[in-house]
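Read-outs: derived from the displayed coordinates by stated rules, not from any lab. Source: prediction; values computed, not measured. Cβ placement follows ideal geometry from the backbone for every residue including glycine, while neighbour counts extend to all protein chains displayed.
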Amino acid sequence: MSKICLCLCEKTLEENLRVLEQHRAYIDLVELRVDKLLPNERFLIRRFPALAGMPVVLTIRRQSDGGSYNGTESGRLTLIGNALAYAEADRRMNFAYFDIEEDVDVPSLEEAARAFGTRVIRSLHLSSPPESAAAITARVKALVHFGDEIVKYAAPVNTLDDVIMIYAAARELNGLDKILIAMGSAGVSTRILTSKIGSMWTYAYAPETGAGIPPAPGQLDPRTLCDTYRFRKIKPDSAVYGILGYPLKVTASPLLFNTVFTREKMNAIYVPFPSESDESFIRLAQMLDVRGASVTVPHKQNILKYLTSQSADVQNLGACNTIVRTEEGWAGYNTDTLGFSGSLLNFIGKKSFRGMKITIIGAGGAARAALYQIWRLGGKAFIINRSRGRAEELADKYGFAAGSLNEIPLNKIRNYSDIIINTTSVGMGAGCKDDPLPAYKFRGTEIVMDLVYVPTQSAFLARAAAAGCPTLNGYDMLLRQAKLQYNLFFNSDYPEI
Ligand code: ATR
């Protein structure tokens, strides 16, 4: 089973120990980044393993490899030598691992390490994405000098195609003691599915340090790995589920699914797959044997071309937010529809939208699901969108009215103001204050829904609430549609607490 290694990048050993203590319950080992220490502190590192009370990786990363060490090479090797010297019979007092780059050849250091049970990590840090899976495999195999090293390969990734190469190489390198790292947000799944890749550990960062920015792009923190991604439960044969979207900056779905997987003791894991290309995702999904996935912005329409069967909702809407692997191929469903109407009707205490006049802001995938249900359940809608053409197309389909956000028809909105719903992403993201309809003054009688749920109360909802309107954010809809997805993935009801 893969482990979690926390990178310690503070300026002093004391600070690093404090950070380690905060995460101890969530980690298995730490990497002491000596290059990040103040120069004076670097002479004190020999005693760090004894103070840490857990296995420590010794790393002094050069600037040329993305680190901060800018001294001479001989000075660096002396520091490593000192850190490995005076080895104790009790190995817990010594560094458990030391990381040395592929181009450094100092057999005496490696011999000394070996003699006292310190394992060598032979590492390669690339500055551009991999060329092919075969190239990765060849580079990693070439890292093995004596056969007892751990080999570490880190490359930046820009797209899911780059990430696919890492997964493909991992298969070829099965059985090797290795660590493969895809650096970048596209590679976040590789930071989680480490057990599947066969990497010995994943590197994690301490979010309370370094202004909360991971030292390597895409790195996760130990708590998120354990709590959101049930890292310690992932096995090589765990069934993979996930979410496709781009940029996929905000998603509560992994926590929703993984919490249930843990509670029900299921051998499954749900991970984010940020990808601009749906085609790449489908290829990766075949490769990882992904059993089912949620599909979100901007793929809900394009994903249709990969489906071998479509539910009636998908056919009607032309949008799919759930795909399930079957023997014939991918089956597509849409759970936004029932998620939307279930949430809103429950909020207003009604069984239908009969007699109600509703303004919908937006004409994308989410708006389509909402409009379909409003139409099915007897409501009338006025659709306003930035691009008027998209609003008109939807309005024509259902016999509704359309307008443009650019010349806001305030009187018309007042005429359709039993319920006002924002389906766009305007206002989404912690701290965001954008408002999709700033010119409209709420009277306090409108029911206002915003599909945005981060922040919990968007600027739009806050303004509506201040005017006395009942308000509802998109979290309950998300929960309801996720429960329906669970039902489709596992053919059983979402287990309530
Ligand atoms: P979703 O599936 O979440 O609905 P989508 O299909 O990409 O995502 O649709 C996004 C919706 O948000 C669209 O209505 C889009 O307007 P356009 O059709 O004019 O693109 C709307 N939207 C996104 N960003 C917007 C912005 N900054 N201002 C106004 N509308 C915006």
- For the range 252-261, in order, what is each residue's ³J(HN,Hα) by Karplus, 6.51 cos²θ - 1.76 cosθ + 1.60 with θ = phi - 60°, in whole Hz (x at glycine and Pro)? 8, 4, x, 5, 4, 6, 5, 4, 5, 4
- Query: Under a plain spin-label model, where a point goes 7 Å from the Cα along Cα-to-Cβ, how far apart in nm are Ser74 and Thr159?
  - Reply: 4.8
- Message: Can you give me the angle between helix 73-84 and the longest principal axis of the chain, using Cα atoms only, in degrees from 0 to 90, rounded to the nearest 10?
- Response: 80
- Query: For the charge dipole of the range 337-478, defined by +1 on Lys and Arg C-beta atoms and -1 on Asp and Glu C-beta atoms about the Cα centroid, which residue among Asn385, Thr456, Ala395 has the Cα displaced farthest towards the positive pole?
  - Reply: Ala395
- Item | Radius 11 Å from Cβ of Met428, net charge of other residues (Lys, Arg +1; Asp, Glu -1) | -1
- Query: What is the extension gain from Ala252 to Leu38, computed as 0.36 nm multiplied by their sequence separation minus the C-alpha to C-alpha distance, in nm to one decimal?
  - Reply: 73.1 nm
- Note on the structure: Ordered by fewest other Cβ atoms within 10 Å, a rough proxy for footprinting exposure, Met356, Met477 read Met356, Met477
- Among Ser280, Ser404, Ser132, Ser341, which comes first, then next, by fewest other beta-carbon atoms within 10 Å? Ser132, Ser404, Ser280, Ser341
- When the charge dipole of the range 253-334 is computed with +1 on Lys and Arg Cβ and -1 on Asp and Glu Cβ about the Cα centre, the Cα farthest towards its positive end, among Ile323, Val260, Ser311, belongs to Val260
- Once you charge only the Cβ atoms, +1 for Lys and Arg and -1 for Asp and Glu, what is the size of the charge dipole of the range 253-334 about its Cα centre, to the nearest 20 debye? 200
- Which pairs break 29 Å Cα to Cα here: Lys305/Lys351; Lys300/Lys441; Lys11/Lys233; Lys351/Lys397; Lys350/Lys483; Lys305/Lys380? Lys305/Lys351; Lys300/Lys441; Lys11/Lys233; Lys305/Lys380
- Note on the structure: Sorted by chain and number, the residues with a modelled amide H under 5 Å from that of Glu31, at a separation of 5 or more or across chains, are Leu6, Cys7, Leu8, Val57
- Item | 222 nm mean residue ellipticity, helices alone, for the chain (DSSP H n ≥ 4; -39,500 (n - 2.57); rounded to 500) | -9500 deg cm²/dmol
- Query: How large is ³J(HN,Hα), in whole Hz, for each residue of the range 98-103 in order, when computed from phi with the Karplus curve 6.51 cos²θ - 1.76 cosθ + 1.60 and θ = phi - 60°, using x for Gly and Pro?
  - Reply: 9, 9, 9, 6, 4, 8
- Note on the structure: Karplus-derived 3J(HN,Hα) from phi for the range 55-71 (6.51 cos²θ - 1.76 cosθ + 1.60, θ = phi - 60°), whole Hz, x at Gly and Pro, runs x, 10, 8, 8, 9, 10, 7, 6, 4, 5, 9, x, x, 10, 6, 10, x
- Message: Between Asn491 and Lys265, what is the label-point separation in nm under the 7 Å Cα-to-beta-carbon projection?
- Response: 2.3
- Query: How many nm separate the modelled label positions at Glu393 and Lys305, each set 7 Å beyond the Cα in the direction of the Cβ?
  - Reply: 1.5
- Message: Can you compute the charge dipole magnitude of the chain about its Cα centre, using +1 on each Lys and Arg Cβ and -1 on each Asp and Glu Cβ, nothing else charged? Give it in debye, rounded to the nearest 20.
- Response: 1600
- Query: If you stretched the chain out fully between Leu126 and Ala465, how much longer would it get, using 0.36 nm times the residue separation minus the C-alpha to C-alpha distance?
  - Reply: 116.9 nm
- Query: Hey, which aspartates and glutamates would be in cross-link range of Lys196, C-alpha to C-alpha under 15 Å, not counting anything within fewer than 8 residues on its own chain?
  - Reply: Glu172, Asp177, Asp237, Asp289
- Message: Residues of the range 92-130 with backbone nitrogen within less than 14 Å of a virtual label 7 Å along the Cα-to-Cβ line of Glu172, please, listed as ranges.
- Response: 130
- With everything on Cα atoms, drop me the angle between helix 160-172 and the longest principal axis of the chain, reported from 0 to 90° to the nearest 10. 50
- Item | Stokes-Einstein D (µm²/s) once Rh is taken as the Kirkwood radius of the range 68-115 over alpha-carbon pairs, at 25 °C in 0.890 mPa s | 210
- Rounded D (µm²/s) - the range 452-496, Kirkwood Rh over Cα pairs, Stokes-Einstein at 20 °C, 1.002 mPa s: 177
- Estimated Rh, the range 253-334: Kirkwood, alpha-carbon pairs, angstrom: 13.3
- Query: To the nearest 20 debye, what charge dipole does the range 67-190 have about its Cα centre, counting +1 at the Cβ of each Lys and Arg and -1 at the Cβ of each Asp and Glu?
  - Reply: 280
- Query: the range 298-371 to the range 386-418: how many Å between their Cα centroids?
  - Reply: 20
- Note on the structure: When the charge dipole of the chain is computed with +1 on Lys and Arg Cβ and -1 on Asp and Glu Cβ about the Cα centre, the Cα farthest towards its positive end, among Leu472, Leu193, Phe95, belongs to Leu472
- Solvent-free Debye scattering, log10 I(q)/I(0), computed from the Cα coordinates of the range 337-478 at q = 0.18, 0.19, 0.20 Å⁻¹: -0.98, -1.11, -1.25
- Query: Can you tell me the Rg and Dmax of the range 214-261, counting just the alpha carbons, in angstroms?
  - Reply: 11.7, 31
- What percentages, rounded to whole numbers, describe P(r) for the range 80-175 computed over all alpha carbon pairs with 10 Å bin width beginning at zero? 15, 40, 26, 16, 3
- Coordinate range along principal axes, alpha carbons of the chain, Å, largest first: 83, 50, 41
- Sequence-distant residues sharing a close amide H with Gly379 (under 5 Å, placed H): Phe353
- Report, by chain and number, residues whose modeled amide H sits under 5 Å from the one on Ala239, excluding near sequence neighbours (fewer than 5 apart, same chain). Ala268, Ile269
